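Asker: Sending over a structure as structure tokens; questions will come in a sec.
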Amino acid sequence: MEWSNWAGTETTRLARIATPRSEEEVAEEVVKARDRGLRVKAIGAGHSFTGVAVTDGLQLRMGALTGVTTLDATRGEATVRAGTPLHVLNAELAQLGLALPNLGDVDRQSIAGALGTGTHGTGLRLTGLTGGVRSLRIVLADGSVVDCSPEREPELFEAARLGLGALGVVTEVTIAVVPAFLLHAVERPEALASVLDGLDDDIEANDHFEFYWYPHTDRALTKRNNRVDAGTAARPLPRWRSYLDDELLSNRAYELLNRIATRVPRTTKPISAVSARALTGREYVDASHKVFITDRDVRFMEAEWAFPRAALADVLAELKTWVDTHDELISFPVECRVAAPDDVWLSTAYQRESSYIAVHRYHRQARGAYFDAFEAIAMEHGGRPHWGKMHSRDVDFFRAAYPRFGDFLAVRDRVDPARVFGNPYLERVLGA
Ligand SMILES: Cc1cc2nc3c(=O)[nH]c(=O)nc-3n(C[C@H](O)[C@H](O)[C@H](O)COP(=O)(O)OP(=O)(O)OC[C@H]3O[C@@H](n4cnc5c(N)ncnc54)[C@H](O)[C@@H]3O)c2cc1C
């Protein structure tokens, strides 16, 4: 049974697949696999670009454990089964008049998968998704089920909030939710220089600011999303416009252009220039999750690093210089975002206001030297790589990068001494 992740960057042969229908079945499967000497990995949507979700043993598909189970409106908390895809969660919360405070770019991931690698969106006053976790239930390697929170099993809670699938199988999470809200979205192409000139103001003045720089050009696409006052009516994009921008230009035509750029590399620069100008400005007001989320049908590989917030412009300038002085042709834009600091032990934004820069390549192209060059620049600026996106760092790097790394390892040694939940990626980043 062969399995590949979404991007096709990781492939493995599985000894066994199971789709548990209850927490008890999760525990039974874990114990059975352990007794047979198989390693175990829960899987969400396979949207991680790294080998974090890979196993050669038992793959636990969490897709039968979905939905919101309880709601505590006064505390602003929803308890959600671990396999719930974000798009299902967003729809269920919307029906209840609720929403997640922030989201990344896509909604195909499962909630546990997204939390497990530190998925984030953009916004200086908001943390990544993991910052909103209030408690969780986890099946450990011995089959026991532990409820953990800042009050109960606090060390396990701190580690398992962003646990890389290394500590056990999460079956349920309780996460902070907010009343549903609308966002006013303003998207427009701009000169990169003017974006960088106004960067601090934009980061501070907007609830959610991000921009995409198009390599081989001086152009960027900016996105400013802000909450509207109560009583403001939604003004969604007309259907033809979202079809034209999101379906045709961002997906179908973009797939075609990337195929052309792969076959005839010298077309890459004109294609990047056309892409930078093809999307014209647009403005609309819609439900938060509809504004945050875009469809991403064109497959790609990605690396993303978090930096101290102030490093964004310098890192981008160095990356641009590298692109301008090398022959590699890059057809995908570079995405730049920000996030608030948090206190999650392995969060890329642990105790620092962060900026994020993500580089991409079309999945049919070779990785080339681009990602390595970016990684070298990132290391010079105190970067921390996204756990679910491609990087080559190992345990020694992470020991120095994360003040609570040793505490995480101690929890892992306690709850999974035999490394039932281990895999080659975890051996590299956490040690054997
Ligand atoms: C198109 C695309 C867009 C993306 N956009 C963003 C973005 O905007 N921001 C961002 O930060 N990241 C983004 N990512 C990265 C993505 O959010 C993460 O890689 C995320 O982990 C994927 O979730 P998943 O459900 O696919 O998890 P998987 O990749 O299936 O698994 C990830 C990890 O979680 C573990 N896991 C899954 N379920 C459980 C469970 N029940 N218990 C314990 N461990 C579990 C797995 O074992 C594995 O270790 C994007 C990825 C893609 C492909």
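Any read-out appearing in this document is the output of simple, stated calculations on the displayed coordinates, not a laboratory observation. Computed from a predicted model, the values in this text were never measured in an experiment. Don't worry about glycine lacking a Cβ; one is built from the backbone with ideal geometry, like all the others, and counts go over all protein chains shown.
Asker: Need one word for the chain: rounded, prolate or oblate. Basis is the Cα gyration tensor (sqrt eigenvalues a ≥ b ≥ c); a/c below 1.5 gives rounded, then a/b vs b/c decides.
Answerer: Numbers: a/c = 1.64, a/b = 1.34, b/c = 1.22.
It comes out prolate by the Cα gyration axes.
Asker: Please compute the length gained on full extension between Glu353 and Glu427, using 0.36 nm multiplied by the number of residues separating them and subtracting their Cα-Cα distance.
Answerer: Numbers: separation 74, 0.36 × 74 = 26.64 nm, distance 2.89 nm.
Gain on extension, Glu353 to Glu427, equals 23.7 nm.
Asker: In whole Hz, with x marking every Gly and Pro, tabulate ³J(HN,Hα) for the range 232-237 from phi via Karplus 6.51 cos²θ - 1.76 cosθ + 1.60, θ = phi - 60°.
Answerer: So the Karplus estimates, Gly and Pro as x, are 5, 7, 5, 9, x, 5 Hz.
Asker: Normalised by the number of residues in the range 109-187, what is the relative contact order in percent for Cα pairs under 8 Å and 6+ residues apart? Show your work: numbers first, answer last.
Answerer: On the way: 99 pairs, mean separation 25.5, N = 79.
Reported as a whole number, the value is 32 percent.
Asker: Shifting gears a bit: Suppose every K and R has +1 on its Cβ and every D and E has -1 on its Cβ; what is the size of the dipole of the range 65-179 about the Cα centre, in Debye to the nearest 20?
Answerer: Details: 8 positive and 12 negative charges, 47 e Å.
The dipole of the range 65-179 has a size of about 220 debye.
Asker: List the extent of the Cα atoms of the range 65-179 along each of their three principal axes, largest first, rounded to whole Å.
Answerer: Principal extents (Cα only, largest first): 38, 26, 25 Å.
Asker: I'd like the distance between the alpha-carbon centres of the range 334-413 and the range 116-172, rounded to an integer number of Å.
Answerer: 19
Asker: So if I place +1 on the C-beta of Lys and Arg and -1 on the C-beta of Asp and Glu, and nothing else carries charge, what would the dipole magnitude of the chain be about its Cα centre? I want it in debye, nearest 20. Provide the component values of the computation, followed by the final result.
Answerer: Working: 51 positive and 60 negative charges, 235 e Å.
Here the size comes out at about 1120 debye.
Asker: What does the charge dipole of the range 110-251 about its Cα centre add up to, to the nearest 20 debye, if the Cβ of each Lys and Arg holds +1 and the Cβ of each Asp and Glu holds -1? All intermediate terms of the calculation are to be shown ahead of the outcome.
Answerer: On the way: 13 positive and 21 negative charges, 97 e Å.
About 460 debye.
Asker: A further question on this structure: Under a plain spin-label model, where a point goes 7 Å from the Cα along Cα-to-Cβ, how far apart in nm are Met379 and Asp314?
Answerer: My value for the distance between the label points is 1.8 nm.
Asker: Amide H neighbours of Gly83 under 5 Å, at least 5 residues apart or on other chains, H built in the peptide plane: list them.
Answerer: Those lying under 5 Å, H to H, from Gly83 are Leu65.
Asker: Glu28 label point, 7 Å along Cα→Cβ, cut-off 16 Å on backbone N: hits in the range 61-79?
Answerer: Answer for this model: 61, 64-65.
Asker: Would you mind computing, in nm to one decimal, how far apart the modelled labels at Asp324 and Asp295 are, each placed 7 Å from Cα along Cα→Cβ?
Answerer: Each label point is offset 7 Å from its Cα along the Cβ direction, giving 3.7 nm.
Asker: At 0.36 nm per residue, and after removing the present C-alpha to C-alpha distance, how many nm does the segment from Asp218 to Ala94 gain when stretched out fully?
Answerer: Separation in residues times 0.36 nm, less the Cα-Cα distance, equals 40.7 nm.
Asker: Ok, one more. Can you compute 3J(HN,Hα) from phi for each residue in the range 403-417, using the Karplus curve 6.51 cos²θ - 1.76 cosθ + 1.60 with θ = phi - 60°, rounded to whole Hz and x for Gly and Pro?
Answerer: My calculation for the range 403-417 gives x, 9, 4, x, 5, 4, 5, 5, 5, 4, 4, 6, 8, 9, x Hz in order.
Asker: Could you work out [θ]222 nm for the chain from helices alone, using -39500 (n - 2.57) per DSSP H run of at least four and dividing by all its residues? Round to the nearest 500 deg cm²/dmol. It would help to have the intermediate numbers written out before the result.
Answerer: Numbers: 15 runs with 130 residues, N = 432.
It comes out at -8500 deg cm²/dmol, rounded to the nearest 500.
Asker: Can you give the FRET efficiency for Asp200 and Arg36, using 1/(1 + (r/R0)^6), R0 = 51 Å, r = Cβ-Cβ distance, to the nearest 0.05?
Answerer: Values: r = 56 Å, r/R0 = 1.10.
That pair, Asp200 with Arg36, gives E of 0.35.
Asker: Name the shape class, rounded, prolate or oblate, that the alpha-carbon gyration tensor gives for the range 259-323, where a ≥ b ≥ c are the square roots of its eigenvalues, rounded holds for a/c under 1.5, and otherwise prolate holds if a/b is larger than b/c and oblate otherwise. Present the calculation step by step, with values, prior to reporting the outcome.
Answerer: Working: a/c = 1.75, a/b = 1.09, b/c = 1.60.
Oblate, because a/c is 1.5 or more while a/b does not exceed b/c.
Asker: Once the dipole of the chain is set up with Lys and Arg at +1 and Asp and Glu at -1 on Cβ about the Cα centre, which of Pro85, Thr74, Ser288 lies farthest towards its positive end?
Answerer: Pro85
Asker: Calculate, in nm to one decimal, what Asp407 and Asp105 gain on full extension: separation in residues at 0.36 nm each, minus their alpha carbon distance. Kindly include the intermediate steps, with their values, before the conclusion.
Answerer: Details: separation 302, 0.36 × 302 = 108.72 nm, distance 3.11 nm.
Here the answer is 105.6 nm.
Asker: I would also like to ask the following. Angle check, please: helix 312-324 long axis (alpha carbons) against the longest principal axis of the chain (alpha carbons), in degrees 0 to 90, nearest 10.
Answerer: Around 70 degrees separate the two axes.
Asker: In nanometres, what is the gap between the two model label sites at Ser149 and Val228, each 7 Å from Cα along Cα-to-Cβ?
Answerer: Distance between label points: 3.6 nm.
Asker: Mind listing the phi-derived Karplus ³J(HN,Hα) values for the range 11-24, rounded to whole Hz, using 6.51, -1.76 and 1.60 with θ = phi - 60°, and x for any glycine or proline?
Answerer: 9, 8, 9, 9, 6, 7, 10, 9, 10, x, 9, 7, 4, 4
Asker: Please give me the summed charge of the neighbours of Asp394: other residues whose Cβ is under 12 Å from its Cβ, Lys and Arg +1, Asp and Glu -1.
Answerer: On the way: positive: Arg393, Arg399, Arg428; negative: Asp396, Glu427.
Residues near Asp394 contribute +1 overall.
Asker: Additional query: Take the Cα coordinates of the range 182-385, assign each an equal point scatterer, and use the Debye formula without solvent to give log10 I(q)/I(0) at q = 0.15 Å⁻¹.
Answerer: For the requested q values the scattering log ratios are -1.01.
Asker: Taking R0 as 35 Å, what FRET efficiency do you get between Arg282 and Ala176 from their Cβ-Cβ distance, rounded to the nearest 0.05? Intermediate values should be presented prior to the final figure.
Answerer: On the way: r = 31 Å, r/R0 = 0.87.
Efficiency computed from Cβ-Cβ geometry: 0.70.
Asker: Follow-up. Got a sec? Charge dipole of the range 193-276, +1 on Cβ for Lys and Arg, -1 for Asp and Glu; which of Leu196, Val274, Leu221 is way out at the positive end?
Answerer: Farthest along the dipole direction, towards plus: Val274.
Asker: Per the Kirkwood treatment, what hydrodynamic radius in Å, one decimal, follows for the range 1-98 from the mean inverse distance over all distinct Cα pairs?
Answerer: Its Kirkwood hydrodynamic radius stands at 14.9 Å.
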